[in-house]
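Notes follow once the structure below has been shown.
Throughout, read-outs are computed from the coordinates displayed, never taken from laboratory work. Just so it is clear, the structure is predicted and the values come from calculations on it, not from any experiment. With ideal geometry, Cβ positions are generated from the backbone for all residues, glycine too; neighbour counts draw on all protein chains shown.
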Amino acid sequence: MASERDTARLETRNADAIATDLLSDLPFSERPEARPSKISVTHEGPIIRVERLEYAPKQAFDGRATPAAVRDVVRHPGAVTVVAVKDDGTMVLVRNRRVAVERWLVEFCAGKLERGEDPQFAAGRELEEETGYTAGSLVKLGAFFTSPGFADEIMHVFLATGLHPVAQRLEPGEELEVVELRPEVLASQIAAGRVTDGKTLGAYLLWSLRSREGGAQ
């Protein structure tokens, strides 16, 4: 069993590592990290591009030699999701037909960024198009990588308040319906495993943390 001193030392080391990563928030191409010896594009679609990165053998941090490696990486333009809260505290979500997982999922509204688009502008657009509400205020809650094991997609999270109804404008092929839930109901659905969309779980966490600090409804 670890002593209190060992535990404190481990916590300090972990905190230092996190701080170092934050200060070095640069792509590997701009840092002394191993670079791919070859990059090839295996798929190019309207939204994503799949690259195959090939790495030559190298020496690991602990001095061991690592073998050559191949990594398939999905390049994504980034996206936004919106935690929309009405004046009475009700949250506005959507029930979305997701063909990739063959499920209808309850989610906060979301959408991809256009090339060079400001995330806040995109958040307002997606809120109007998917839910039929416009926001009097949009505040960024944070951002996170959705699937860093194989994709570079970053999700920007916004809190929308001061909601007013407008015309809903779904894109061709979108199948969704608006769902309005009290925060405590959404929390119970998350705890019961009925809400399983990753961006919604991450966005709800960021909103919950802001709420505890008194910065969100």
One finds, for Q189 and V139 with R0 = 30 angstrom and r their Cβ-Cβ distance, a FRET efficiency to the nearest 0.05 of 0.80
Would you list which lysines come within 20 Å of K112, measuring only between C-alpha atoms, while excluding same-chain residues fewer than 8 positions from it?
K140, K199
If you place +1 on the Cβ of every Lys and Arg, -1 on the Cβ of every Asp and Glu, and leave all else neutral, what size is the dipole of the chain about its Cα centre, to the nearest 20 Debye?
540
Gain in length, K86 to A65, computed as 0.36 nm per residue apart minus the alpha-carbon separation, to one decimal in nm?
1.9 nm
On Cα atoms only, tilt of 4-23 relative to the major axis of the chain in degrees:
80
For the chain, set up a GNM with springs between Cα atoms under 10 Å and report which of Y204, Y133, Y55 has the largest fluctuation.
Y55
If N is the residue count of the chain, its Cα Rg over 2.2 N^0.38 Å rounds to 1.22
Histogram of C-alpha separations across the stretch 30-75, 5 Å bin width, %:
6, 20, 22, 22, 14, 9, 5, 3, 0
Can you give the calculated 222 nm mean residue ellipticity of the chain, where each DSSP H run of n ≥ 4 adds -39,500 (n - 2.57) and the sum is split over every residue, rounded to the nearest 500 deg cm²/dmol?
-8500 deg cm²/dmol
Among V101, W207, V85 the positive-end extreme of the charge dipole of the chain (Cβ point charges)
V101
Mean-position separation - Cα centroids, the stretch 52-87 and the stretch 159-217, in angstrom
28
Return one number: the angle in degrees, 0 to 90 and rounded to the nearest 10, between the long axis of the Cα atoms of helix 198-212 and the longest principal axis of the Cα atoms of the chain.
80
Sort T131, T196, T90 by Cβ crowding within 10 Å, fewest neighbours at the top.
T196, T90, T131
